[in-house]
Structures are given as C-alpha cells and as structure tokens.
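Written below as structure tokens is the structure these notes are about.
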Amino acid sequence: MITLKNEFLTASFNEVGAELKSLVFDGKEYIWEGRSEVWQGSCPLLFPICGGLKNDKYTFNGKEYTLQKHGYARFATFEIEDKTDNSIVFLHKSDEETKKSFPFDYELRVIYTLEVKAVKVDYSVKNLSDNTMYFNIGSHEGYYTPEGIEDYDVIFPQSETLNSYVLYGNLLSNQQLPILKDSNILPLYDKYFTVDALVFKSLKSRAATLRNRKTGKAVRVDFPDNDYFLLWHKPNAPYMCLEPWNGIPDIIDSSYDITEKEGIIALPSGLEYNNTHTITIIE
C-alpha cells in the first residue's frame, strides 16, 4: 500500500489497479474495504470498457476480440511514475498481453492529488497506435455505509427526473424504470438493487452527494467530464457505489462493432484524452 497524507486526509492506494483502498477523515473510513464474501472491490478502475459487452466480444477492423466486463485495468499492476507529499502518478502501458484483447498501443495514467478535504482523480490516456483508439474509462468507487444504505440519500445539485435503464445480465435494454421526479434528493432503498445497478443516461447534474440523513456526514463526487452515472450496491451490504462513467454497457441488440458502441471515445493517433473527477468529504 502507498499512503498520502495532508492535514485532513489519509489516503491509501494499491499498485494493482491503481486503486484507492482507504480514505480516512477525522478517524472515519469513507471507502469500502472490500470483502471476498460480499464484494472484494473498493474503487476499481474501469478500462478499456465500462460495463459488459454482448457475449464479452467486440469487433474492430473485421477481427473479433474477447474482453471481460469492465476491462482488465483493475487487475494490472501499475508502476509508480511519480510521487510527492500530496500526489501520486500511476502508469500502465499496453503490451503484447493487453493487445490480445485490446489491439491498441497506449499509456494510461491515474493521478491522485490531495486537496484539503478532497481527492482529485485524473485519468490520462495517450494513444500511441497508428489507428484511432476506441475505449471507455470510468470509476466504480464504493463508499462505506455502516448503518446500511437506507439511512442515506443521494443529492444532486439540480432537480432531476430520472429513469433507470434496466440491465439484463451485462446488457442494457431500452426498458426504463422511473426513479425520481422533479427532485434533487434520491432516498436509497435496497429494493432498487435487487437486479443490478441504477443506470442514468440523462442526468443534468455533474455531481452527486452521498449523505447520511441522520448525521449529515457526506461525500460528494464531482464528475464534469462524464455523461453517464450509475449507483450500485449488493442488497444489505454496507456500501454504496457512485460511478461516473464516460461509456455505457452494450445494448441487447449490439452490432459488436466497437466503433458503433454508444458513448465510445474515439481518440485519434498521437492524441491524449483527459478525464477528472473529485471526491470531497463534507462534514
């Protein structure tokens, strides 16, 4: 584990997946520690896809590839490219093994910076291929809710009317379930997650706050660069995932062609893509 500290926060990271594993403020842990019998993740990085593909497959330039749900970056060991008292840069490079499932040359950096009571998370993807590179990236951060999620609300800065797109296995359907109408406060219930995640494609807000309605303690995630937002949790487990993504799972009638995938990022050769979100502790 690698640890960063400032006056307010202590954050710990794993080189495997460049994953945030702990965030402590005022003696309180805000990140789910991961338990194999429940969900072993804490804040896994999703790359080069978010969610699942139809039959775990896609095609590019007429060739078929297999890629597991959420991609492989969360299992990769990142090198530490740079570290200061309040920041760390993790680096992952493509190699012959990654190109078996994702045929592009790239450099992926994950940069964490402590800023007072916040952690800024920057993703940088540089396309070193001769071809345009097609990918998605997202976060899957699990926040500790020891009292159970039904003591919590998700609060948006804008009033929202939200429908969740229904997942069938790993695939997204066109069926929608109404979740919120003309309000910025979404009370959480275990029943929402009996099938899978809540998937929002039309969110006006680019931030969400997970707040304990009894204590007022909260964590806010700002995600200005992401068009999709998901909430996920295993019923009766003491965590809630707030997930800003720049992509979306495959739809049921997917063509398999990754260049046609909804939300896919097309990064020209030699260019760099940047994406930022920020985690802020609110007392």
| query | Name the residues in segment 194-224 that are of a type in the set (A, V, I, L, M, F, W, C), closer than 18 Å to Asn184 by Cβ and not in a loop (DSSP other than H, G, I, E, B), would you? | reply | Leu198, Phe200, Ala207, Ala208, Leu210, Ala218, Val219, Val221
| message | Can you say whether Asn236 is in contact with a helix residue (DSSP H, G or I) (Cβ under 7 Å, 6 or more places away or on another chain) and farther than 24 Å from Gln68 by Cβ, as far as the supplied structure shows? | response | yes
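Might you check whether a residue that is part of a strand (DSSP E or B), in contact with a helix residue (DSSP H, G or I) (Cβ under 9 Å, 6 or more places away or on another chain) and either surrounded by 14 or more Cβ atoms within 10 Å (Cβ to Cβ) or β-branched (Val, Ile, Thr) (or both) occurs anywhere in segment 8-31?
yes
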| field | Within segment 61-166, strands (runs of 3 or more DSSP E) holding 3 or more residues that are touching a residue at least 40 places away in the same chain (Cβ under 8 Å), within 17 Å of the chain's Cα centre (by Cα) and on the phi < 0 side of the Ramachandran plot | value | 106-115, 118-127, 141-144
| task | Of all residues in segment 207-218, count the ones that are basic (Lys, Arg) and closer than 12 Å to Leu230 by Cα. | result | 0
| task | Being over 16 Å from Ser129 (Cβ atoms) and of a type in the set (Phe, Trp, Tyr) is the filter here, so list the residues in segment 71-119 that pass it. | result | Tyr72, Phe75, Phe78, Phe90, Tyr112
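Checking the conditions here, which among Pro48, Pro44 is in contact (Cβ under 8 Å) with a residue 40 or more places away in the chain, buried (at least 17 other Cβ atoms within 10 Å of the Cβ) and out of contact with any helix residue (DSSP H, G or I) (no Cβ under 6 Å at 6 or more places or on another chain)?
Matching residue, one of Pro48, Pro44: Pro48.
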| note | Of the residues in segment 185-223, those that are β-branched (Val, Ile, Thr) and touching a residue at least 12 places away in the same chain (Cβ under 8 Å) come to Ile185, Thr194, Val195, Val199, Thr209, Val219, Val221
| query | Taking into account only those residues within segment 223-258 that are aromatic (Phe, Trp, Tyr) and within 29 Å of Asp151 (Cβ to Cβ), which is surrounded by the fewest Cβ atoms within 10 Å (Cβ to Cβ)? | reply | Trp232
| field | Output for segment 174-219, where each listed residue is exposed (fewer than 15 other Cβ atoms within 10 Å of the Cβ) and under 30 Å from Tyr256 (Cβ atoms) | value | Asn174, Gln175, Gln176, Leu177, Thr194, Val195, Ser202
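No lab work stands behind these numbers, since they all come straight from the coordinates. These numbers were taken from a predicted model, which means no experiment stands behind them. Here Cβ is always computed from backbone atoms with ideal geometry, including for glycine, and neighbour counts include all displayed protein chains.
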